[in-house]
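Report on the structure given below.
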Amino acid sequence: MRRNVDDDIPYLLLTPGPLTTSRSVRQAMLRDYCTWDQDYNLLVSEIRSRLVQLASEDAQRYTAVLMQGSGTFAVEATLGSVIPPTGKLLVLANGVYGHRMVEIAERLQIPVVTIEQQETQPADTDRVRQVLDQDSSITHVAMVHCETTTGLLNPAASVGEIVAKAGKTFILDAMSSLGGLEMSMESMQADYLVSSANKCIQGTPGFGFVIANRQKLAATAGWARSLSLDLHGQWQEMEEKGGKWRFTSPTHIVRAFQQALDELDEEGGVAARSVRYLTNQRQLVDGMRKLGFRTFVEDAHQSPIITSFHYPDDPGFSFQEFYEALKKRRFVIYPGKVTGADTFRIGNIGHVFPEDIQQLLLAVREVVDETAS
């Protein structure tokens, strides 16, 4: 698979999602669907089945639920639906999205314990084990796999093993990793895995989804703290009515997602896509370092999804001017979300290829040279 140079794309999104999609994914949205129509509901059922296959070989043990809204909607639906009224949550927080789960729990009045760590440090498995040993009232553990605040990759499989041995339920935010990194429900020992249409599967924004342990999800009836974000209610509707959503679904986005799944298969599956992402990221880092930029996260903890870079030492550096100069050259990057450091981020997921990264690096060199002159 290679990128087509699309005349209708004014710039390339080097962001963690929404991201640059293929022309064929965008074209898939040109057809209208009725949410009650059997053809559309069969499409939804097919997508649910394919998502389970993407994350596990055990279709009987796991199921998939689609949920309207952004990825955060799906995370909130999960936290607000699968933790019982008497439950207690442990969150591993070393970035914005880990802290967002804490904020969701607090807003929903779910008792929550937080393991706070620096944004450059992966989750400390010893601390997880220690907290679970000390607090038997904890029922659920949640963490972010790839923290897109920085690009840091957390040791989800190791944490999942600890959580399973402790007899707790593991909720994994795999928003920026599912479809881009080889993983499974079994390898992560996850009970709930949350992701979004507009990340590594390379669809468009509009819904998130949860891959869940079927038995555990079935036991959560009546626990939801929201009507529209009732994960069990949505699942039950889709199960009993052949793919129907409870409320109006994003039909065009769903069709685009089906096309994106087809293109993931055509590329060679997650194994091939992960190689492309890794190649993009290594080429990006090597090139940026040659231009004098420093990465924020150590290489040992860096994901191939998105990379944070320190501002250059030049006191006159303006990110906004840097951003606008690159945008004029058709590349859109991302501001930083790090506390205590000035950074910006460059993503390399989506319909982005090594030749695109090479062109980006040429553009960065031009901007750097212009600024220095």
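The values are calculated or read from the model by the stated rules, or taken from the named source; none is laboratory data. What you see is a predicted model; the values in this text were computed from it and never measured. Cβ placement follows ideal geometry from the backbone for every residue including glycine, while neighbour counts extend to all protein chains displayed.
General observations
- Against the criterion of being touching a His at 6+ places or on another chain (Cβ under 7 Å) and surrounded by 14 or more Cβ atoms within 10 Å (Cβ to Cβ), Phe309 does not qualify.
- Index of the failed condition, Thr125 passing every other in (1) buried (at least 17 other Cβ atoms within 10 Å of the Cβ); (2) within 23 Å of the chain's Cα centre (by Cα); (3) under 17 Å from Val163 (Cβ atoms): (1)
- Subset of the stretch 161-182 (residues that are among the aliphatic types (A, V, I, L, M) and within 13 Å of the chain's Cα centre (by Cα)): Leu172, Ala174, Met175, Leu178, Leu181
- Within the stretch 292-302, the set of residues being touching a residue at least 60 places away in the same chain (Cβ under 8 Å), outside any loop (DSSP other than H, G, I, E, B) and surrounded by fewer than 19 Cβ atoms within 10 Å (Cβ to Cβ) comprises His301 only.
- Within the stretch 109-126, being of a type in the set (A, V, I, L, M, F, W, C) and in contact with an Asp or Glu (Cβ under 8 Å, 6 or more places away or on another chain) holds for Val112, Val113, Ile115.
- Complete set of residues in the stretch 156-167 that are in contact with a strand residue (DSSP E or B) (Cβ under 9 Å, 6 or more places away or on another chain) and either without any contact (Cβ under 8 Å) to a residue 60 or more places away in the chain or surrounded by fewer than 24 Cβ atoms within 10 Å (Cβ to Cβ) (or both): Ala156, Gly160, Ile162, Val163, Ala164, Ala166
- Count - residues of the stretch 327-336 that are within 16 Å of Asp356 (Cβ to Cβ) and under 25 Å from the mean Cα position of the chain (by Cα): 6
- Matching residues in the stretch 6-57 - criterion: being of a type in the set (Lys, Arg) and within 17 Å of Gly206 (Cα to Cα): Arg26, Arg31, Arg48
Table: residues versus (1) under 21 Å from Gly180 (Cα atoms); (2) in contact with an Asp or Glu (Cβ under 8 Å, 6 or more places away or on another chain); (3) assigned by TED's automatic domain parsing to the domain that holds Met183.
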site: Ser274; (1), (2), (3): yes, yes, no
site: Leu278; (1), (2), (3): yes, no, no
site: Gly292; (1), (2), (3): no, no, no
site: Gln302; (1), (2), (3): yes, no, no
site: Pro315; (1), (2), (3): no, no, no
site: Phe322; (1), (2), (3): no, no, no
site: Lys328; (1), (2), (3): no, no, no
site: Val332; (1), (2), (3): yes, no, no
site: Glu355; (1), (2), (3): yes, no, no
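- Residues satisfying the stated conditions in the stretch 318-338, i.e. more than 15 Å from Glu370 (Cβ to Cβ), out of contact with any strand residue (DSSP E or B) (no Cβ under 6 Å at 6 or more places or on another chain) and among the aliphatic types (A, V, I, L, M): Val338
- Index of the failed condition, Phe309 passing every other in (1) assigned to a loop (DSSP other than H, G, I, E, B); (2) aromatic (Phe, Trp, Tyr); (3) at pLDDT 95 or above: (1)
- Residue list for the stretch 180-200, restricted to those being part of a loop (DSSP other than H, G, I, E, B), surrounded by 24 or more Cβ atoms within 10 Å (Cβ to Cβ) and not basic (Lys, Arg): Gly180, Ala190, Asp191, Ala197, Asn198, Cys200
- Hey, Val82 buried (at least 19 other Cβ atoms within 10 Å of the Cβ) and closer than 27 Å to Gln215 by Cα or not: yes
- Pairs with Cβ under 8 Å, 6+ apart, first in the stretch 38-53 and among the aliphatic types (A, V, I, L, M), second exposed (fewer than 14 other Cβ atoms within 10 Å of the Cβ): Leu42/Gly242; Val52/Ala59
- Residue check, Met143 at pLDDT 95 or above, on the phi < 0 side of the Ramachandran plot and assigned to a loop (DSSP other than H, G, I, E, B): no
- Those residues of the stretch 56-68 which are touching a Phe, Trp or Tyr at 6+ places or on another chain (Cβ under 7 Å) and of a type outside the set (Ser, Thr, Tyr), in sequence order: Ala64, Val65, Leu66, Met67, Gln68
- Single unsatisfied condition, Ala93 versus (1) surrounded by fewer than 19 Cβ atoms within 10 Å (Cβ to Cβ); (2) touching a residue at least 24 places away in the same chain (Cβ under 8 Å): (1)
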